[in-house]
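Bear in mind that the values in this text are calculations on the coordinates, not laboratory data. None of these values were measured; they are calculated from a predicted model. Reconstructed Cβ throughout: ideal geometry from the backbone, glycine too, with neighbour counts over all protein chains shown.
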Amino acid sequence: MAPLKTLFLLFWFLSPCISGLSRAGVGDRCDWPQFQGPNRDNKSLETKLLSQWPASGPRLLWTCEGLGDGYASVACAEGLLYTTGNVKDDTIIVAVEPTGEIRWRIKNGPAYRRSHPGTRSTPTIEAGLLYHLNADGDVICVNAKTGDHVWSVNILERFKGRNIRWGLSESLLIDEGRVICTPGGDDVGVAALDARTGDTVWVCTGIHEKPGYCSPVICEYGGLRQIVTLMAESIVGINADNGRLLWKFRNPAKFDENITSACCHNEYIFTSTRTSGARLLKVRVEGDNASVEQVWADQGFQNHHEGVIYLDGCFCGACMTDRDASWKCISCRTGELTYSGPGIGRASLCYADGMLYLLNHHCRVALVKANPNRFDIVSSFEIPRRGHGPSWAHPVVAWGRLFIRHADFLYCYDVKGASK
């Protein structure tokens with residue numbers, strides 16, 4: 001049985017890489033099927049990538065125009081790329097071919113036109129279906145290949161949820177056939193929907209807070225699977241199988257800006273917020289119950305919405321205090337900074353093949369060695385300044401390509417190195 005088990009584990013690990021992409025003409029490359037990657041940890045499974053770029057940047061393969069206005073990143077799966085944008089009065093989901101041609105467009109409710117107009121959440125692709133939440137609570141499930149409607153529901157209406165200042169922003173999590181969403185009602189804080197039908201599977205009560213702006217993650221430790229997310233004023237852990245609230249830890253933020261998703265490593269949960277700084281929680285599991293205690297906190301590690309990453313025992317990311325921005329890495333074990341210094345400003349991130357891919361708010365892209373003890377830029381360039389507004393969408397490395405979304409445009413760069 002041991003060889004069979006080994007083969008199963010190997011297939012499970014490589015499964016994001018062996019999709020139907022060869023039929024789409026992009027080879028057997030690794031997918032990026034949801035916000036923050038296959039495991040929601042900002043890490044790509046791609047290898048054999050360029051370790052340095054030309055002075056002008058990697059080769060631009062194509063530009064796709066017509067996405068609409070938005071800050072959503074891209075998902076890469078089922079042989080297509082997916083993102084969202086405001087087009088006139090509608091939220092639009094767009095499917096793009098690996099060649100840059102648009103295959104289909106569909107609507108998912110009204111466009112978000114309030115403060116910082118534009119779409120927020122990135123589509124999630126699972127088992128041939130696409131899931132998306134717009135800023136007003138409309139969840140839609142469609143066929144990922146064709147865009148054909150499967151089901152839809154408004155979670156604010158179904159669960160008496162409450163919208164937030166800058167619109168609902170979570171990218172939906174699919175967990176074992178369930179769609180995890182956060183209506184943030186006074187009664188129902190988080191809910192699970194059947195991924196095939198949209199029916200309610202379970203609800204989590206007892207939180208009594210509006211949603212945060214982050215996306216939930218799965219943390220498994222001690223035989224217990226938890227959904228961890230940030231609400232308006234706290235971090236919560238929820239039993240992934242039945243929706244029971246396991247624990248709640250207060251984490252207030254100015255304007256309720258709990259935006260960056262939690263980062264899990266073994267029994268530890270790391271969070272970072274613009275005004276509250278960073279904290280590390282330790283999970284204790286006893287059977288079906290769990291609790292957390294704070295290990296340390298650091299007021300200076302303030303990640304806004306750019307994301308953090310775990311590297312060699314440290315958490316790293318762009319930080320800001322007032323209008324200043326820097327790059328910081330902090331030890332999981334001690335809570336002490338291993339690096340604090342200049343970066344490229346407020347920059348979202350993605351890791352692949354030993355390197356960090358950073359995109360700052362002013363269209364600058366940098367390739368940085370992944371090292372928690374220093375900030376070592378290898379190459380950098382600027383994307384074309386055709387879009388308007390800040391470049392907030394997170395960069396994506398998949399299929400040997402670097403995808404950068406800015407406003408109405410998607411840029412595709414070749415970052416695949418020579419075969420080794």
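Cα convex hull, the stretch 184-339: 111 Å³ per residue, rounded to a whole number.
Our summary gives the chain a relative contact order of 15 percent, counting only alpha carbon pairs under 8 angstrom and 6 or more residues apart.
Calculate, for R225 and H116, the FRET efficiency according to 1/(1 + (r/R0)^6) with r their C-beta to C-beta distance and R0 30 Å; round to the nearest 0.05. Present the calculation step by step, with values, prior to reporting the outcome.
On the way: r = 34 Å, r/R0 = 1.14.
Given R0 = 30 Å and the Cβ-Cβ separation, E is 0.30.
Pairs to check: K210/K248; K43/K416; K107/K254; K145/K210; K328/K416. Give those whose C-alpha atoms are more than 24 Å from each other in this structure.
On the way: K210/K248 14 Å; K43/K416 16 Å; K107/K254 33 Å; K145/K210 34 Å; K328/K416 28 Å.
In this structure, K107/K254; K145/K210; K328/K416 lie more than 24 Å apart at Cα.
Place a label point 7 angstrom from the Cα of K88 along the Cα-to-Cβ direction, then list the residues of the stretch 100-118 whose backbone nitrogen is under 17 Å away. Residues 105-113 fall inside that zone.
Could you list I164, I207 in order of exposure, starting from the residue whose Cβ has the fewest other Cβ atoms within 10 Å? List each step's numbers first, then the result.
Details: I164 18, I207 24.
With the fewest neighbours first, I164, I207 line up as I164, I207.
Distance from the alpha carbon centroid of the stretch 33-73 to that of the stretch 279-342 works out to 25 angstrom. Applying both filters, DSSP loop and at most 12 other Cβ atoms within 10 Å, to the GluC sites (Glu not before Pro) of the stretch 38-146 gives E101.
For E382 and Q294, FRET efficiency with R0 = 56 Å and r from the beta-carbon atoms, rounded to 0.05? Display every interim value, and only then the final one.
Numbers: r = 41 Å, r/R0 = 0.72.
Between Q294 and E382 the formula returns 0.85.
Computed over the stretch 74-169, the P(r) tail beyond 17 angstrom holds 47 percent of alpha carbon pairs.
Please tell me the relative contact order of the stretch 121-212 in percent, rounded to the nearest whole number, where contacts are Cα pairs under 8 Å and at least six residues apart.
Here the relative contact order equals 22 percent.
Note on the chain: Kirkwood hydrodynamic radius from all Cα pairs is 21.4 Å, rounded to one decimal. Calculate, in whole percent, how much of the Cα-Cα pair population of the stretch 121-212 lies beyond 21 Å. I get 23 percent for the Cα pairs in the stretch 121-212 exceeding 21 Å.
Annotation: amide H-H contacts under 5 Å for V295 (H modelled 1.01 Å from N, sequence separation of 5 or more, or interchain): L280, L281, K282. Scalar couplings 3J(HN,Hα) for the stretch 332-341, obtained by applying the Karplus form with A = 6.51, B = -1.76, C = 1.60 to θ = phi - 60°, are 5, 6, 10, x, 9, 6, 9, 7, 8, x Hz; x denotes Gly and Pro.
Phi-derived couplings, Karplus 6.51 cos²θ - 1.76 cosθ + 1.60 at θ = phi - 60°, listed residue by residue for the stretch 98-104: x, 8, x, 7, 7, 8, 8 Hz, with x used for Gly and Pro. Across the stretch 74-88, coupling constants 3J(HN,Hα) worked out from phi with the 6.51/-1.76/1.60 Karplus curve, θ = phi - 60°, read 10, 10, 10, 6, 6, x, 9, 10, 9, 7, 9, x, 7, 10, 6 Hz, and Gly and Pro carry x.
If you take the square roots of the eigenvalues of the alpha-carbon gyration tensor of the stretch 296-378 and sort them as a ≥ b ≥ c, do you get rounded (a/c under 1.5), prolate (a/b over b/c) or oblate? If you can, show how the numbers build up before the last one.
On the way: a/c = 1.86, a/b = 1.16, b/c = 1.60.
Oblate, since a/c reaches 1.5 and b/c is not below a/b.
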